[in-house]
1. What fraction of the DSSP beta bridges in segment 1-91 is antiparallel, stated in percent and rounded to the nearest 5?
2. Tell me, what HN-Hα J-couplings in whole Hz come from the Karplus equation 6.51 cos²θ - 1.76 cosθ + 1.60 at θ = phi - 60° for each residue of segment 129-139, using x for Gly and Pro?
3. Would you look at the GNM of the chain, springs on alpha carbons closer than 10 Å, and say which of D74, D24, D162 moves the most?
4. What accessible area per residue comes out for the chain, rounded to a whole number of Å², with a 1.4 Å probe?
5. Given a cut-off of under 8 Å on Cα pairs at least six residues apart, what relative contact order in percent is computed for segment 56-161?
6. Across segment 42-49, in residue order, what do the Karplus-derived ³J(HN,Hα) couplings come to in whole Hz, using 6.51 cos²θ - 1.76 cosθ + 1.60 with θ = phi - 60° and x for Gly and Pro?
7. Taking all protein chains as present, what is the carbon and sulfur share of the accessible area of the chain, in % to the nearest whole number, probe 1.4 Å?
8. Can you list the HN-Hα couplings for segment 8-24, worked out from phi with the Karplus curve (6.51, -1.76, 1.60; θ = phi - 60°), rounded to whole Hz and with x for Gly and Pro?
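The values are calculated or read from the model by the stated rules, or taken from the named source; none is laboratory data. If you're wondering where the values come from, they're calculated on a predicted model, not measured in any experiment. A quick note on method: Cβ atoms are made from the backbone with ideal geometry, for glycine too, and the neighbour counts reach across all protein chains shown. For the accessible areas, the whole protein counts, side chains as well, though only heavy atoms, and no ligand, DNA or RNA atoms are used. Shrake-Rupley method; radii C 1.70, N 1.55, O 1.52, S 1.80 Å.
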Amino acid sequence: MDKCVINTTRLELVEGDITHEATDAIANAANCGLRGGGGVDGAIHNAGGPAIMAECRRIGRCETGDAVITGAGDLPAKHVIHTAGPVWHGGGKGEAKALASCYRRSLEVALENGLASIAFPSVSTGVYGYPLEEAAGVALSTVSDFLLEHEGLELVRFVLYDSRTYQAYSDALAELLA
Ligand code: APR
């Protein structure tokens, strides 16, 4: 595990399965239609049960870079914050801006709902094809900038599913703190 404190918030990186997290919220790497899918989205809906999808249907849509909140069904977390990451098209289509917005909007939604802790997966680096090293840098610098400007969150934890993803985030955090 990697950890540090940014302003008043603990920032942690762990390798693992985000569906096991008992943080106030877990973020989901969703699609704009909130239709569910494979990857972490599939894992969250499978483990959380149909209540999450029922709420997603009522909400209907989440634009790329935005975030919406639902309950967490049978999951140990209390809420799921669904964020729609950008599809990678080579880097010239505003992908970095949209990915940064995913993390910022998710953190804003967490604060708006009075939550103290949130876990994130590596948004966009699976099916959506965002290069891992670049995505890790965007994720951590965006979260760090947000935490320097906002107090109220106790814990932000990145839950990275495999060792390659964990290592990329660990390297990006070391670079950020250097
Ligand atoms: N816990 C944490 N991370 C996970 C888990 C899990 N249980 N399962 C998968 N991951 C990781 C993947 O290994 C990858 O590093 O989440 C990261 C993001 O990959 P995807 O889930 O493919 O998300 P993304 O690239 O943002 O693509 C989103 O895929 O599933 C569909 O509906 C989703 O259309 C949307 C698209």
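1. Beta bridges within segment 1-91, antiparallel portion: roughly 60 percent.
2. Each residue's phi maps through the Karplus curve to give x, 5, x, 4, 4, 5, 5, 5, x, 5, 4 Hz.
3. Highest fluctuation among the options: D162.
4. 45 Å²
5. 26 percent
6. Couplings: x, 4, 5, 5, 5, 7, x, x Hz.
7. 49 percent
8. With the stated coefficients, segment 8-24 comes to 10, 10, 6, 10, 10, 10, 9, 8, x, 9, 5, 5, 8, 6, 9, 5, 4 Hz.
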